[in-house]
Each structure stands twice: as C-alpha cells, then as structure tokens.
Amino acid sequence: MPRKTDARARAIATAERLFRIQGYTATGLTQILDESGAPKGSFYFHFPRGKAQLAEEAIDNYIAQRIAVLRTISSSTTGDALKFVHQIFKSFAAEMVASDFQYGCLMQNLANELPALDAELTQRVARGFADSTQVIAEHFRGCGFAAARASSSAAALVAALEGARTIARLERTPAVFEALADVTVQRWTAPDCAE
C-alpha cells in the first residue's frame with residue numbers, strides 16, 4: 001500500500017505518463033485518480049486549481065528530466081558533436097523501445113492540443129522546447145560551432161527528434177533514429193560544413 005504522503009508525486013507521475021500516451025484532453029481526472037491511487041480529497045489539497053495545475057507540475061517534471069538527460073549526455077561527450085547527437089538519438093530510441101512505442105513527447109502532445117485551451121500551459125511547453133534547444137546549442141558551441149550554427153543545428157535537432165518520435169510510434173521501430181544519425185554523419189562530415 002503506497003504511503004499517503006506520496007499521493008502528490010504519484011498523481012504527477014501518472015498524469016505525465018497518461019499525457020504522453022493519450023494527450024491532455026483525453027486524460028480525465030478520474031483516470032488519473034484511479035491509476036495513481038490518490039484520494040480525491042488529497043488531490044484537491046495538492047492541486048487546488050485541478051487538472052491545469054497538475055499539468056503544470058507534470059510539464060515541469062518532464063522538462064527537468066529531459067534537461068537532465070541532455071546534460072548527462074553532453075557531459076559524457078564533451079567536445080564531440082557527432083557523438084553527442086548519436087547518444088541523444090540512441091537515448092530517445094531506447095526510451096521508445098522501453099515504452100513499447102507508447103510514449104510520445106509530453107511537450108509535443110500538449111503543444112498539439114493546448115494553444116486553443118490554455119495559454120499558460122502553452123507558454124510552459126514553449127519554454128521547455130526553448131530550454132532543451134539551449135542545452136543542445138551550448139554543447140555545440142563547446143564543440144567549436146559558431147553561435148548561429150550552434151543555434152540552428154540545435155533547433156533542427158529538436159525538431160528532428162520530435163518528428164522521429166512520432167514516426168517511431170507509428171511504425172513501432174526505432175529505425176528512424178538510426179536514419180537520422182546516418183544523415184547527421186553525412187551532413188556534418190561534408191567539406192562545406194567546416195567552420
């Protein structure tokens with residue numbers, strides 16, 4: 001039996017998982033409460049503004065985890081842009097396989113739904129993408145990329161990762177991540193890519 005004091009954390013983790021699998025609109029509070037085991041009274045104690053506040057917490061938690069993964073990969077590939085990119089693709093592919101291709105990106109799922117529903121949550125998601133892109137750009141600058149190239153390469157990588165995750169979910173294979181890694185090698189080792 002879970003401790004009563006972890007009801008908040010369980011609700012956040014359950015919301016994050018469900019938002020990644022089925023999106024924001026399709027995820028109801030009843031399902032979150034049922035699957036998390038959090039009592040309804042406890043839920044409203046921790047999240048007095050209801051589902052929107054829970055979504056804020058889930059977004060923040062997801063972004064923090066994503067940034068931590070990117071920083072860990074960055075620190076293990078210092079000065080090596082290609083190895084960094086390959087490790088990111090490998091990490092995202094492994095997560096897709098581990099979830100049996102059920103998990104999408106929480107930010108991508110919510111970005112597709114929220115602009116018409118909640119401006120604050122939309123801004124939170126946008127900041128998450130911006131923060132992720134910034135971490136990647138920092139790594140590229142550390143590899144000797146000029147600032148403009150680091151920023152554009154980071155933005156392109158984030159976009160490619162989000163598209164790859166969608167395709168991997170549909171095709172139920174991580175092959176698209178391998179294809180992106182191959183294209184990156186071909187593009188970045190071409191003579192016109194030298195600084």
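A few comments on the model shown:
- The number of residues in the stretch 54-77 being in a helix (DSSP H, G or I), in contact (Cβ under 8 Å) with a residue 12 or more places away in the chain and over 22 Å from Ala9 (Cβ atoms) comes to 4.
- Selection from the stretch 95-128 of residues that are within 19 Å of Phe177 (Cβ to Cβ), touching a residue at least 12 places away in the same chain (Cβ under 8 Å) and part of a helix (DSSP H, G or I): Met96, Val97, Leu106, Met107, Gln108, Asn109
- Filter pass, Phe89 being touching a His at 6+ places or on another chain (Cβ under 6 Å), touching a residue at least 40 places away in the same chain (Cβ under 8 Å) and part of a helix (DSSP H, G or I): no
- Scanning the stretch 92-147 for residues that are aliphatic (A, V, I, L, M), within 26 Å of Trp188 (Cα to Cα) and either in contact with a strand residue (DSSP E or B) (Cβ under 8 Å, 6 or more places away or on another chain) or surrounded by 15 or more Cβ atoms within 10 Å (Cβ to Cβ) (or both) returns Ala93, Met96, Val135, Ile136, Ala137.
- Considering only residues in the stretch 52-78 that are aliphatic (A, V, I, L, M) and more than 13 Å from the chain's Cα centre (by Cα), the one that is modelled with the highest pLDDT turns out to be Ile73.
- Within the stretch 1-50, being surrounded by fewer than 17 Cβ atoms within 10 Å (Cβ to Cβ), free of Cβ contacts under 8 Å to residues at least 40 places away in the same chain and not in a helix (DSSP H, G or I) holds for Met1, Pro2, Arg3, Ala26, Gly28, Gly37, Pro39, Pro48, Arg49, Gly50.
- Just so you know, in the stretch 183-192 the residues that are part of a helix (DSSP H, G or I) and either surrounded by 12 or more Cβ atoms within 10 Å (Cβ to Cβ) or of a type in the set (A, V, I, L, M) (or both) include one that is modelled with the highest pLDDT, and it is Val183.
- Residue match in the stretch 79-88 (condition: of a type in the set (Phe, Trp, Tyr), buried (at least 17 other Cβ atoms within 10 Å of the Cβ), at pLDDT below 95 and over 15 Å from the mean Cα position of the chain (by Cα)): no
- In the stretch 157-176, the residue that is surrounded by the most Cβ atoms within 10 Å (Cβ to Cβ) out of those that are in a helix (DSSP H, G or I) and basic (Lys, Arg) is Arg165.
The values are calculated or read from the model by the stated rules, or taken from the named source; none is laboratory data. Worth saying up front: this structure is predicted, and the values here are computed from it rather than measured. Glycine also receives a Cβ, built like all others from the backbone with ideal geometry; neighbour counts cover every protein chain displayed.
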